[in-house]
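*Asks:* Okay, handing you the structure first.
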Amino acid sequence: MSRLTDISYVKRVLSAHGFTFSKALGQNFLINPDVCPKMAELSGCGENVGVIEIGPGAGVLTYELAQTAYKVVAIELDKRLLPVLEETLAEHHNVKVIQGDAMELDLRKLIEEEFQGKDVVICANLPYYITSPMVMRLLEEKLPILSLTVMVQKEAADRICAKPGTRESGAISAAVHYYSEPELLFKVSKGSFIPAPKVESAVIKLHIRKEPPLHTTDEKFFFRVVKAAFLQRRKTLANSLSSGLSLPKDEILSALNAARIKPTARAEEMTMQNFSDLAECLKKQLPTI
Ligand code: SAM
């Protein structure tokens, strides 16, 4: 069993390496012994499945993943954690730690080079300051992965998993549902971490779709419309899209009419199909957009 949930052991190892927590890097390390084994199991890693972990910290989740995964490649930005990880993961020979920024690294190349055609999943307790851009990056790049199992703040989990067309939904919900089928796995209390964060967390799993749930002739434009609509989510679409897409309000109203969407609708009332219909109608009206 991992000693990495023994708080006095973790504190001892960290202080032996002169490590102090950085708030700016979202460093809240898991110490609840139930969470990592559960996350590793639900991530789908196995002897024929490789894992990419983002932000291993002191290695608590890495340790559990390495127990069953073919291989774990863990990307850590904070150089100070490299000697810590060398010590805490010494017994696992199927772990490779890469120092770098997970937002910048070429993950497609990494997958090709490190996993020899095996299935790959992503599993991480994400640094909270980059949750949305990181999830978006991992989805938009269409990486050859089966799923993302990630811990995020509870509020972000609700937003990410919210079905488009419901009050909790945002631009990220539409992207998530387009590229994956999201599942809320379990909640994690504040006391499960050192230092304890201010808010609760949750683990979600995004099962990557083989095909999008609807056909769009111009995927990039579809997402431009979604993002513009949510930029000013309290406004009606006629207003938010007119400013977000820099188009005359008349054009938006006429596309809304052609797509059979009421002119007073707001972004959060729009289903994926509504967004797709609206994008198609705008494209038909303004082919050079
Ligand atoms: N996995 C560990 C755990 O569960 O205890 C640590 C999780 S902690 C919430 C987030 C980790 O991500 C920290 O170790 C932090 O240094 C690292 N990190 C922050 N920004 C990063 C980035 N851009 N790329 C890679 N790692 C990053």
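The values are calculated or read from the model by the stated rules, or taken from the named source; none is laboratory data. All values derive from a computational prediction rather than experimental measurement. Every residue, glycine among them, receives a Cβ derived from its backbone with ideal geometry; neighbour counts consider all protein chains shown.
*Asks:* Which of the numbered conditions does VAL60 fail, given that it passes all the others? Conditions: (1) closer than 20 Å to PHE115 by Cβ; (2) touching a helix residue (DSSP H, G or I) at 6+ places or on another chain (Cβ under 6 Å).
*Replies:* It is condition (1) that VAL60 fails.
*Asks:* So, one more: Is there any pair linking a residue in segment 104-117 that is within 18 Å of GLU140 (Cβ to Cβ) to one that is part of a helix (DSSP H, G or I), with Cβ under 9 Å and at least six apart or on different chains, and which?
*Replies:* That search, which allows pairs on different chains as well, returns LEU107/ARG137; LEU107/LEU138.
*Asks:* Pairs please, first residue from segment 138-154 and assigned by TED's automatic domain parsing to the domain that holds ILE111 and free of Cβ contacts under 8 Å to residues at least 60 places away in the same chain, second anywhere and more than 16 Å from the ligand (Cβ to nearest atom) and part of a loop (DSSP other than H, G, I, E, B), Cβ atoms under 8 Å, 6+ apart in sequence or on different chains.
*Replies:* Pairs found: LEU138/ILE145.
*Asks:* Residues being part of a loop (DSSP other than H, G, I, E, B) and either among the polar types (S, T, N, Q) or more than 7 Å from the ligand (Cβ to nearest atom) (or both): count how many of those fall in segment 23-50. Lay out the reasoning, then the answer.
*Replies:* Just the residues of segment 23-50 that are part of a loop (DSSP other than H, G, I, E, B), to begin with: 23-28, 31-34, 44-45, 47-48.
Subset that is either among the polar types (S, T, N, Q) or more than 7 Å from the ligand (Cβ to nearest atom) (or both): 23-24, 27-28, 31-34, 44-45, 47-48.
Number of matching residues: 12.
*Asks:* So, in segment 178-202, how many residues would count as being assigned to a loop (DSSP other than H, G, I, E, B) and of a type in the set (A, V, I, L, M)? Reasoning before the result, please.
*Replies:* If we filter segment 178-202 for residues that are assigned to a loop (DSSP other than H, G, I, E, B), which is where we start, we get 189, 195-200.
Retained after the next criterion (residues that are of a type in the set (A, V, I, L, M)): 196, 199.
Residues in segment 178-202 being assigned to a loop (DSSP other than H, G, I, E, B) and of a type in the set (A, V, I, L, M): 2 in total.
*Asks:* Taking the criterion of being among the basic types (Lys, Arg), within 22 Å of PRO213 (Cα to Cα) and assigned to a helix (DSSP H, G or I), would at least one residue in segment 263-283 satisfy it?
*Replies:* yes
*Asks:* Which residue, of GLU91, GLU53, GLU87, GLU64, is assigned by TED's automatic domain parsing to the domain that holds ALA202 and in a loop (DSSP other than H, G, I, E, B)?
*Replies:* Values: GLU53 fails: in a loop (DSSP other than H, G, I, E, B); GLU87 fails: in a loop (DSSP other than H, G, I, E, B); GLU64 fails: in a loop (DSSP other than H, G, I, E, B).
Unique residue meeting the criteria: GLU91.
*Asks:* For the list (1) within 23 Å of CYS45 (Cβ to Cβ); (2) more than 14 Å from the ligand (Cβ to nearest atom), I need the number of the one condition that LYS220 fails.
*Replies:* So LYS220 meets the others, but not (1).
*Asks:* Sticking with this one: Quick check on my filter: what residues within segment 217-252 are surrounded by 17 or more Cβ atoms within 10 Å (Cβ to Cβ) and among the small types (Gly, Ala, Ser)?
*Replies:* Correct list: ALA228, ALA229, ALA238, SER240, SER242, GLY244.
*Asks:* Right, here's the next one. Do you know which residues across segment 248-289 are closer than 22 Å to PRO164 by Cβ and hydroxyl-bearing (Ser, Thr, Tyr)?
*Replies:* Passing the criteria: THR264, THR271, SER276.
*Asks:* Got at least one residue in segment 184-198 being under 25 Å from THR271 (Cα atoms) and in contact with a Leu (Cβ under 6 Å, 6 or more places away or on another chain)?
*Replies:* yes
*Asks:* Here's another thing I want to ask about it. Kindly indicate which of ALA175, ALA102, ALA124, ALA156 is within 16 Å of the ligand (Cβ to nearest atom) and assigned to a helix (DSSP H, G or I). Break it down stepwise before answering.
*Replies:* Working: ALA175 fails: within 16 Å of the ligand (Cβ to nearest atom); ALA102 fails: assigned to a helix (DSSP H, G or I); ALA124 fails: assigned to a helix (DSSP H, G or I).
Among ALA175, ALA102, ALA124, ALA156, only ALA156 is within 16 Å of the ligand (Cβ to nearest atom) and assigned to a helix (DSSP H, G or I).
*Asks:* Sticking with this one: Could you grab the pairs with beta carbons closer than 6 Å, sequence gap of 6+ or different chains, first residue in segment 66-82 and over 19 Å from LEU110 (Cβ atoms) and modelled with pLDDT of 95 or more, second one in a loop (DSSP other than H, G, I, E, B) and not polar (S, T, N, Q)?
*Replies:* THR68/CYS45; ARG80/PHE19
*Asks:* Spot the failing condition for LYS109; the list is (1) more than 15 Å from the ligand (Cβ to nearest atom); (2) of a type outside the set (A, V, I, L, M); (3) at positive phi, and only one is missed.
*Replies:* (3)
*Asks:* What number of residues within segment 167-191 satisfy the criterion of being within 30 Å of VAL13 (Cα to Cα) and crowded, with 21+ Cβ neighbours inside 10 Å? Quick ask: steps written out before the conclusion?
*Replies:* Let us first name the residues in segment 167-191 that are within 30 Å of VAL13 (Cα to Cα), namely 186-191.
Now drop any that are not crowded, with 21+ Cβ neighbours inside 10 Å, which leaves 188.
Residues that pass the stated criteria total 1.
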